[in-house]
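The values are calculated or read from the model by the stated rules, or taken from the named source; none is laboratory data. What you are looking at is a predicted structure, and each value in this text was computed from that prediction instead of being measured. Heads up, the Cβs are rebuilt from the backbone with ideal geometry, glycines too, and the neighbour counts pull from every protein chain shown. Accessible surface is based on the protein model in full, side chains and every heavy atom, while ligands, DNA and RNA are left aside. Shrake-Rupley method; radii C 1.70, N 1.55, O 1.52, S 1.80 Å.
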Amino acid sequence: MRKALLLINCFVLSIGHCGGPLIMRLYFIHGGKRVWFSSWLETGGWPIILLPIACAYFHRSRTLPSSENKFFFMKPRLFIAAAVIGTLTGLDDYIYAYGVARLPVSTVALIIASQLVFTAVFAFVLVKQKFTSYSINAVFLLTIGAGVLALNTSSDRPENESKREYVSGFVMTVGAAALYGFILPLVELSYKKAKQEMRYAVVMEIQMVMCLFATGFSTIGMVVNNDFEAIPREAREFGLGETKYYVVVVMSALIWQCFYLGVIGIIFCSSSLVSGIVIALLLPVTEILAVIFYKESFHAEKGVALALSLWGFLSYFYGEIKQSKKGNPPLHLLQSEEMPSFPNPNSNLPQSV
């Protein structure tokens, strides 16, 4: 059941990670200019999470006594942690949207792949993640890949965009990768320090709270920037038409929810590092889709960066396979002695889904 849940979350994450930047870029290509609004859309679809939470509640009502069944299981300690992480996520959403507004999707995807480096570093500091020579090699290769991209920052600069704007977008995207590399281990640390039984129902509640506070952060930015007043005018002037503008907006909100649910679901089933690995592993898919749909250039630097990234992924997974053949648990399942034992989701999973 746990492996099946992991695979499901990987699939959900792939939808959000590949579709999210593509539809966000579609908004900017056809006349959208509101960065705060774009960041708001990344988490603004949070109410949809209430649907699976309600379904899980009614399912439990048939199997659990009413005294044991609750609509929300999250305790105040975990709620506060989710609120703080959500606020950081809101900041990261804005930085990321700023980068997507100025860079091609293929370039953004390659830069975001470097978040695995930051995830690995922060996972080592926060949750005592253990490393082998293979995982260190993967981190090194991804770092070099991002550096290769930085050597040529103008060959794929969009038309009517200054070099200064392009460089600022590049720097902001690297910042988004670094911040999200910090957020992923922080989510894992929250799970370990929650002092309550972790069920998948709680994972969905965490996502809802995170997205709620991230949306609140972006809402403040929209109010200050007068985005709410500008949306109707922007819809009328949208290159694909007013109706398709709102279709893009709604689909963006829904697709990004898939990303966040997949991320925290994988952390629940495995670890933050594995979540970062899966995000990076989807890089070739995003690259291919960007070239197909937006006719983006794929110059030599991108090819080298992509090859280094794939080499890094293969290095990591090869190390995991060797570790398994030795009869040891994969590195991402090892627990630090300082951390409390992670409750086994299998024990209560049928009741909590």
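Tabulated values for the structure
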| quantity | calculated |
| --- | --- |
| Members of segment 128-169 that are at pLDDT 80 or above and surrounded by 22 or more Cβ atoms within 10 Å (Cβ to Cβ) | GLY169 |
| Odd one out for VAL121, checked against (1) in a helix (DSSP H, G or I); (2) open to solvent by less than 10 Å² (accessible area, probe 1.4 Å) | (2) |
| Candidate set: segment 34-61, residues that are small (Gly, Ala, Ser) and more than 21 Å from the chain's Cα centre (by Cα); chosen: the one most open to solvent (accessible area, probe 1.4 Å) | SER61 |
| Test: ALA230 is within 22 Å of VAL100 (Cβ to Cβ) and of a type in the set (Gly, Ala, Ser) | yes |
| Unique residue being buried (at least 24 other Cβ atoms within 10 Å of the Cβ), more than 16 Å from LEU7 (Cβ to Cβ), at pLDDT below 85 and among the aliphatic types (A, V, I, L, M) when the list is LEU273, LEU306 | LEU273 |
| Any chance ILE255 is in contact (Cβ under 8 Å) with a residue 40 or more places away in the chain and farther than 26 Å from ALA54 by Cα | no |
| Unmet requirement for PHE58, which otherwise passes all of (1) assigned to a helix (DSSP H, G or I); (2) among the aromatic types (Phe, Trp, Tyr); (3) in contact (Cβ under 8 Å) with a residue 12 or more places away in the chain | (3) |
| Inter-residue pairs, beta-carbon under 9 Å, first under 20 Å from GLN207 (Cα atoms) and in segment 13-27, second among the hydrophobic types (A, V, I, L, M, F, W, C) and not in a helix (DSSP H, G or I), 6+ apart | LEU13/LEU282; SER14/LEU282; HIS17/LEU282; CYS18/LEU282 |
| Qualifying residue in segment 68-77 (condition: in a helix (DSSP H, G or I) and open to solvent by less than 50 Å² (accessible area, probe 1.4 Å)) | no |
| Residues of segment 170-206 satisfying the condition of being open to solvent by less than 30 Å² (accessible area, probe 1.4 Å), aliphatic (A, V, I, L, M) and more than 22 Å from GLN257 (Cα to Cα) | ALA194 |
| Single residue of segment 207-239 satisfying the filter (farther than 14 Å from LEU41 by Cα and among the small types (Gly, Ala, Ser)) that is surrounded by the most Cβ atoms within 10 Å (Cβ to Cβ) | ALA235 |
| Count of segment 93-106 residues which are crowded, with 23+ Cβ neighbours inside 10 Å, of a type outside the set (Val, Ile, Thr) and in a helix (DSSP H, G or I) | 5 |
